[in-house]
Each structure stands twice: as structure tokens, then as C-alpha cells.
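Input: a single structure, listed below in C-alpha cells.
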Amino acid sequence: SHEPWEAEKGVSKELLRAGVVMQMTLPGAPGIYYGDEAGLCGFTDPDNRRPFPWGKEDTVLQDFYLNAVRLHKNIPALKGGSLVPVVMDKELAVYGRFLGEDAALMVIYTGTDGAHVRVDLSDITGKAPAAVTRVLHSGALGCSLGRKTVQVPSGTLELSLLPQSAEIYVW
């Protein structure tokens, strides 16, 4: 028997947000299990079906889910584009999605040290853009949906990754 609060011990919001990024950007229809968006934790059945935490929701996490869903709905490559795996490693997943001229790159890093990655953007669509726009960043310091344009004159995007972070770039 477990106390209800025990399910919340050791939960990493950074890794949860990284998982949400994958859920909203990999092929298929994403589904959100009841309460996940509010930070509801649980063990196995029946503890996984606690009442919704009305008045105690994690509003930052709810906002993150709302915006991740919005990105999934508004970026055509994420709704029905082809998947291009770039790097699939124990702690690093880098993949692209494209549909016609619309493209997105996702970088998910679950490691606890910083990392560096180089991505040849022509691997995604066949030709490299001159610039990409970061539309989501999540990590230990929180999350940002502010747009940031990055010039890539060489066609190679070089990123220094923060621990347990996730990013989405579009072009």
C-alpha cells in the first residue's frame, strides 16, 4: 500500500515536458491521460484514477500542454508529415518532420550533463534553410514559447544542449 503523495516523489517536470514534446511531435494522434496536464501523479490502477486536483492544478504545466497541443495542431509537418530520424541515442533524440515545404526539427536531451549536437538540416527536407525559428524550449529553468530565429548559413545547426531539455525548430 502506498500513500498518495508517494507517487509524486522524484517526478522530473523537465523530463515530463520532454515527453510531452515527443508525444506532440511524433507521428500519430497524441492522447493525454486524464490529469496528466494538471500534474496528477499515480501508481497502478486504481491509484492512477485519483480525482482531478481542482484548485491545486499545476497551472504552468497546464499552459505547457495547451501550447504543445497548439503547436501540434498549427504546424502541418507535425500533424501529417514524414518522420526523419537524425540521432537516436540513449540520452538524445533528434528527428525531423516535413510535409511539402513545411518542416520541423525536434531535439530531446534527457542527460544530466550538457551536450553538443550538429544537425545537417538538408537531411530533413533535402535542402537546408538559411534560418530556423525555435518555437519551444523546455529545460531545468522552465519553458519558453518565445520565438527565436537562428541563422544557419552553412545549413548545419549547432546546438549546446542544457540538461533534460527539449526544443522545437521550424522553417
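Could you give the angle, 0 to 90 degrees to the nearest 10, between helix 13-25's Cα long axis and the longest principal axis of the Cα atoms of the chain?
60
Hey, if we sort Thr133, Thr110, Thr25, Thr44 by accessible area with the 1.4 Å probe, largest down, what's the order?
Thr44, Thr110, Thr133, Thr25
Based on the mean of other Cβ atoms within 10 Å per residue, sort peptides 152-163, 10-21 so the most packed one is first.
10-21, 152-163
Per residue, how much accessible area does the stretch 44-134 have with a 1.4 Å probe, in Å²?
Computed with neighbouring chains in place, this is 55 Å² per residue.
Using the alpha-carbon atoms, what tilt in degrees (0 to 90, nearest 10) does helix 59-74 show relative to the longest principal axis of the chain?
That works out to roughly 40 degrees.
Under 1.5 on a/c is rounded, so check that first for the stretch 57-109, then, if it is not, pick prolate when a/b is larger than b/c and oblate when it is not; a ≥ b ≥ c are the square roots of the alpha carbon gyration tensor eigenvalues.
oblate
Which sequence of Tyr33, Tyr109 reflects their accessible areas, 1.4 Å probe, from the largest down?
Result of the area sort, largest leading: Tyr33, Tyr109.
Rounded to the nearest percent, how much of the accessible area of the stretch 60-142 (1.4 Å probe, protein heavy atoms only) is carbon and sulfur?
On the way: 2080 of 4000 Å².
The computed percentage sits at 52.
Using Cα pairs closer than 8 Å and at least 6 residues apart in sequence, work out the relative contact order for the chain, in percent.
So the answer I get is 21 percent.
Roughly how many whole Å is it from the C-alpha centroid of the stretch 99-126 to that of the stretch 149-165?
Value for the Cα centre distance between the two parts: 8 Å.
Over the heavy atoms of Met24, what accessible area does a 1.4 Å probe trace out, to the nearest 10 Å²?
Here the residue's solvent-accessible area equals roughly 10 Å².
Could you put Asp89, Asp36 in order of accessible surface area, largest first, with the 1.4 Å probe and the full protein assembly present?
Reading off the accessible areas and sorting them downward yields Asp89, Asp36.
From the list (1) 17.5; (2) 18.0; (3) 17.0, can you say which value of Kirkwood radius over Cα pairs in Å was derived from the structure given?
(3)
Rounded, prolate or oblate: which one fits the stretch 85-166, using the alpha carbon gyration tensor with axes a ≥ b ≥ c (rounded when a/c is under 1.5, else prolate when a/b beats b/c, else oblate)?
prolate
The values are calculated or read from the model by the stated rules, or taken from the named source; none is laboratory data. From a predicted model like this one, the values you see are computed outputs, not experimental measurements. Quick reminder, even Gly has a Cβ in these numbers, built from the backbone with ideal geometry, and neighbours come from all protein chains shown. For the accessible areas, the whole protein counts, side chains as well, though only heavy atoms, and no ligand, DNA or RNA atoms are used. Shrake-Rupley method; radii C 1.70, N 1.55, O 1.52, S 1.80 Å.
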